[in-house]
Structure formats: structure tokens, C-alpha cells
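Asker: Sharing a structure here in C-alpha cells format.
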Amino acid sequence: MLYAIYFSPTNTTATITKTVAKAIDHTYQTLDLTMPLSSSLSFEPDDVIIWGIPVYGGRVPALATKRFMQLHAQHTKAIIIAVYGNRAYEDALVEMQDLCNAQNFQVIGAISAIAKHSIVPTIAAKRPDQDDINTLKAMASQLQSKLTNQQTSTLILPGNRPYKTYAPKPIHLIIDDNCNHCMTCQKLCPAQAIDTHDPSLIDTSRCISCMRCVDICPKQARHGDPDAISSLAARLHTICSDHKSYELFI
Ligand SMILES: Cc1cc2nc3c(=O)[nH]c(=O)nc-3n(C[C@H](O)[C@H](O)[C@H](O)COP(=O)(O)O)c2cc1C
Ligand code: SF4
Ligand code: SF4
């Protein structure tokens with residue numbers, strides 16, 4: 001069985017991971033690790049997983065790591081995808097490869113992919129676009145050939161060990177008068193950081209600034225602190241407005 005597995009607070013990683021899976025085998029199953037798993041899962045030697053994460057500070061998000069560690073393999077083949085917001089993916093692919101090895105998955109291919117920046121959506125705003133989707137389909141065809149031919153060389157991926165330190169500056173979140181207390185954000189927060197009675201209360205020790213609550217609010221009532229967002233936007237527009245390309249490592 002082929003599985004598309006992803007941690008994807010604002011859905012771009014899910015879209016990209018499922019695009020590759022569908023192009024390899026349209027009967028694939030999905031496993032969403034954005035919310036907690038109720039129990040550990042095991043994979044067979046002849047299963048294949050496609051595992052996608054969004055890059056946070058050049059690393060794998062800690063919650064994505066925690067949930068991936070509940071998956072146990074038996075030398076099961078894996079294709080890994082690091083989705084980033086047009087700045088850099090730095091050590092994310094080597095970190096994913098190490099996590100796969102730790103859980104007994106064998107990485108046979110890797111993709112770096114660009115998507116809309118979830119904190120500053122004007123960066124890479126329209127990505128993945130149709131060209132990106134076509135690129136992913138072409139990459140999937142190469143990966144499928146490697147799977148069919150049973151080729152298993154160890155991949156050398158870009159990135160450093162030890163990995164860079166992730167030192168996030170949490171983004172203060174506010175809600176405005178349009179909030180109708182529907183509690184959708186609370187139910188879908190990957191970190192269980194939103195108070196169950198008052199959605200304006202956020203436990204900042206849990207919040208990972210993933211922007212899911214901003215993205216999914218049906219009333220568009222939640223926002224990141226405008227000053228923090230505009231200063232990050234100014235920095236990102238200076239350093240990463242160029243058009244970067246998807247990469248395949250095989
Ligand atoms: C907390 C946080 C840190 C991020 N760090 C990076 C980064 O280091 N490099 C980068 O290019 N994009 C970075 N991004 C952007 C995301 O990797 C990108 O928008 C990704 O597509 C989000 O995936 P999702 O839609 O599945 O949540 C970051 C986003 C967040 C929320
Ligand atoms: S999803 Fe939006 S409207 Fe619903 S509780 Fe959260 S902030 Fe309020
Ligand atoms: S409260 Fe924080 S962790 Fe929860 S959805 Fe919002 S940004 Fe993400």
C-alpha cells in the first residue's frame with residue numbers, strides 16, 4: 001500500500017504530498033499527522049510512504065517529529081518532501097532522513113518544494129502553481145521507476161549535521177469582533193494551545209505559530225500581530241523574492 005503522510009497546518013504540504021502520491025498510485029491512502037494520533041502505527045516491508053513536512057526555521061517542526069516517531073517500519077521505503085516558503089530548507093531533508101532511519105524506513109527519494117509562506121502569504125503567493133504540479137508529476141514518474149527497479153542506493157542530501165538550532169520568536173495572535181466563538185480554531189489547533197472556553201486565550205508555551213487558526217477561521221477573525229508580520233514580511237521580501245525551483249534527489 002502507498003501512503004501519503006503529512007503534517008500540514010495550512011494545507012500546502014498536504015496538497016504537494018498527495019499530488020506525488022496520486023501520480024504514483026491513485027489508490028494511495030492518507031495519514032494526517034497534523035493532529036495527534038491515538039496510537040502507534042506499523043508499516044509492512046512492501047508498503048511505501050511519501051512523507052511531507054513544512055520547514056520551520058530550516059528544520060522539521062518538533063510536533064511533526066513527535067508524531068512521526070509513532071510510526072514503525074520494517075525497512076519500508078520512503079520518499080520525503082520538505083515544503084518551504086521560498087526562503088530555505090536548510091537541514092530539514094537530512095533531519096527527515098535521520099528520522100526515517102530511526103524508525104526503520106529507507107529513504108529512496110527526496111523532494112524540496114516551494115509553497116506560499118504560511119506566516120507571510122505574499123511570499124510565493126501562488127505556489128504551488130500549475131508548473132509546480134506538472135514538475136511534481138514528472139518527479140513522481142522518476143520515483144516510480146526507482147521503486148519498480150528496486151534500486152536502493154543511500155541518498156546524499158543537502159544539509160548539515162548537527163542541525164541548525166531552531167529558536168522561534170512566537171507570533172502574538174489576536175482575534176477581532178467578528179469572532180462568533182465557533183471554536184473551530186480550538187478544535188483544529190495542532191498544538192492544543194487555544195483555551196477550550198475562550199478562543200482569545202492562547203497558551204504561548206504550546207503555540208508553534210503554525211497559522212492554522214488564522215487560515216481556517218470562517219469569520220477571518222484571527223490575525224497575527226500586524227507589527228510582527230509586517231516586519232517579517234519586509235525582511236523576507238528583501239531576502240527571498242526570487243523564483244526558486246523544486247528539486248528531486250534520487
Ligand atoms: C513557524 C514557521 C517557520 C517557518 N520557517 C520557514 C523557513 O525556515 N524557511 C522557509 O522557506 N519557510 C518557512 N516557513 C514557511 C512554511 O515552510 C511554508 O509556508 C509551508 O508551505 C507551510 O506548510 P503548510 O501549508 O503545510 O502548513 C515557516 C512557517 C512557519 C509557520
Ligand atoms: S475559528 Fe474564528 S470565529 Fe471561530 S472561535 Fe476561532 S477565531 Fe472565533
Ligand atoms: S494557536 Fe498557535 S499552534 Fe494553535 S493553530 Fe494557532 S498558530 Fe497554530
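Asker: Note down all Cβ pairs under 7 Å where the first residue falls in the stretch 198-227 and is in the same structural domain as residue 183 (by TED's automatic domain parsing) and free of Cβ contacts under 8 Å to residues at least 40 places away in the same chain, the second is part of a strand (DSSP E or B) and within 7 Å of ligand 3 (Cβ to nearest atom), and they're at least six residues apart or on different chains.
Answerer: Within 7 Å, the pairs are 202/173; 202/194.
Asker: Among the residues of the stretch 176-197, write down those that are touching a residue at least 12 places away in the same chain (Cβ under 8 Å) and either among the charged types (D, E, K, R) or within 11 Å of ligand 3 (Cβ to nearest atom) (or both).
Answerer: 176, 177, 184, 185, 186, 188, 189, 190, 191, 192, 193, 194
Asker: Checking residue 239 against (1) closer than 30 Å to residue 144 by Cα; (2) surrounded by fewer than 16 Cβ atoms within 10 Å (Cβ to Cβ), which single condition isn't satisfied?
Answerer: The single condition residue 239 does not satisfy is (1).
Asker: Look at the stretch 1-20 and say how many of its residues are in contact (Cβ under 8 Å) with a residue 24 or more places away in the chain, away from ligand 3 (no atom under 16 Å from the Cβ) and more than 19 Å from residue 121 (Cα to Cα). Before you say what the answer is, go through the steps one by one.
Answerer: Residues of the stretch 1-20 in contact (Cβ under 8 Å) with a residue 24 or more places away in the chain: 1-17, 19-20.
Remaining after also requiring away from ligand 3 (no atom under 16 Å from the Cβ): 1-5, 15-17, 19-20.
With the extra rule that they be more than 19 Å from residue 121 (Cα to Cα), the set shrinks to 1-5, 17, 19-20.
Of the residues in that region, 8 qualify.
Asker: I need the helices (runs of 4 or more DSSP H) fully contained in the stretch 178-242, keeping only those with at least 1 residues that are away from ligand 1 (no atom under 16 Å from the Cβ) and out of contact with any strand residue (DSSP E or B) (no Cβ under 7 Å at 6 or more places or on another chain). First the steps, then the outcome.
Answerer: Details: elements: 184-188, 212-216, 226-239.
The qualifying helices (runs of 4 or more DSSP H) are 184-188, 226-239.
Asker: Here are some residues: 116, 126. Which one is part of a loop (DSSP other than H, G, I, E, B), charged (D, E, K, R) and touching a Ser or Thr at 6+ places or on another chain (Cβ under 8 Å)?
Answerer: Values: 126 fails: touching a Ser or Thr at 6+ places or on another chain (Cβ under 8 Å).
Result: 116 is the single residue among 116, 126 that is part of a loop (DSSP other than H, G, I, E, B), charged (D, E, K, R) and touching a Ser or Thr at 6+ places or on another chain (Cβ under 8 Å).
Asker: Take residue 124 and decide whether it is at pLDDT below 95, under 20 Å from the mean Cα position of the chain (by Cα), within 25 Å of residue 85 (Cβ to Cβ) and away from ligand 2 (no atom under 16 Å from the Cβ).
Answerer: Numbers: at pLDDT below 95: no; under 20 Å from the mean Cα position of the chain (by Cα): yes; within 25 Å of residue 85 (Cβ to Cβ): yes; away from ligand 2 (no atom under 16 Å from the Cβ): yes.
Here the answer is no, as residue 124 does not meet what is asked.
The values are calculated or read from the model by the stated rules, or taken from the named source; none is laboratory data. This one's a predicted model, so the numbers in the text were calculated from it and none came from an experiment. Using ideal geometry, Cβ is built from the backbone for each residue, glycine included, and neighbour counts are taken over all protein chains shown.
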